[in-house]
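Read through the structure below, which is laid out as structure tokens, and then see the notes.
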Amino acid sequence: MSELSTYAVDENGVALLRLDRPGSRNAIDTAMLGELLEHLSAAREDEAVRVLVFSSTDQLGFSAGADVREQLDEEGHVRRMQLFADLYDSVVAFPKPTIAACHGDVVGGGAEIAIACDMRVGGSNLRMRFPGAALGVPVGPARLVTLCGLAAAKYLLLSSRTVGADEALRIGLVNRVAPAAKTEASALELASAVAAHPPEALARLKRMLHEWDDVEGRSAVEGRGQVAWVSDGPGFATPD
């Protein structure tokens, strides 16, 4: 099977993890989730890695979210949701700084990965959406409230509306906006600047911020709720 992501570390200690299913708009399936978790584990343990950047090989879209075309039975749906929850928790709890290069469509699970990161660079072609309310999926509050506050989180989650680059910058969803074709380059530039700082100081600051905010605890609680929604609640419809 072909790889669904790419991973490399440069001379500055910046690890670049790209989603690589352009033919499927980088929709995230079970196999990709497994790959992403493996790369996260490797980056966590690699002392040469100082900053981790999430991106994609497609400038038109970071990710369209979960792969709705993946054929799954009930057990498969539960397993995939558990992997999504594990991925979000792993990104939130990653001990080194993380940055998302938000190209084009950043939807659903792709948007959740982006907001689990510490920083985000939005492309001018950004279209970010959290469709949980429309789909009935209880996901998003734990990380969004920390990122942009209660009022903005309610606005984004309850409306399921799509926001562009300017609005995302105004409400704090992204930290800066770059021309569409330079989104990843801008994220890497930011990552290199952060990587120049003492890694011990970065890790300590991030740990302090997370302890005071408890975003990791809230993310874990939300993840358990996601899985319960599939395993014990209404969940997704399965084929007859």
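The values are calculated or read from the model by the stated rules, or taken from the named source; none is laboratory data. Just so we're clear, the structure is a prediction, and the values are computed from it rather than from any experiment. Ideal geometry is used to build each Cβ from the backbone, glycine not excepted, and the neighbour counts take in all protein chains shown. Calculation scope for accessible area: heavy atoms of the full protein, side chains included, ligands and nucleic acids excluded. Shrake-Rupley method; radii C 1.70, N 1.55, O 1.52, S 1.80 Å.
Conditions (1) open to solvent by 40 Å² or more (accessible area, probe 1.4 Å); (2) out of contact with any helix residue (DSSP H, G or I) (no Cβ under 6 Å at 6 or more places or on another chain); (3) in contact (Cβ under 8 Å) with a residue 12 or more places away in the chain; (4) over 23 Å from Ala153 (Cα atoms), marked per residue:
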residue	(1), (2), (3), (4)
Ala178	no, no, yes, yes
Glu184	no, yes, yes, yes
Ala191	no, yes, yes, yes
Leu202	no, yes, yes, yes
Gly217	no, yes, no, no
Glu222	no, no, yes, no
Gln226	no, no, yes, no
Trp229	no, yes, yes, no
Pro234	yes, yes, yes, yes
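For His210, the requirement of being part of a helix (DSSP H, G or I), closer than 24 Å to Glu45 by Cα and not aromatic (Phe, Trp, Tyr) is met.
Just wondering, is there one or more residues in segment 146-159 that are in contact (Cβ under 8 Å) with a residue 40 or more places away in the chain, in contact with a helix residue (DSSP H, G or I) (Cβ under 6 Å, 6 or more places away or on another chain) and of a type outside the set (A, V, I, L, M)? Looking through segment 146-159, at least one residue is in contact (Cβ under 8 Å) with a residue 40 or more places away in the chain, in contact with a helix residue (DSSP H, G or I) (Cβ under 6 Å, 6 or more places away or on another chain) and of a type outside the set (A, V, I, L, M).
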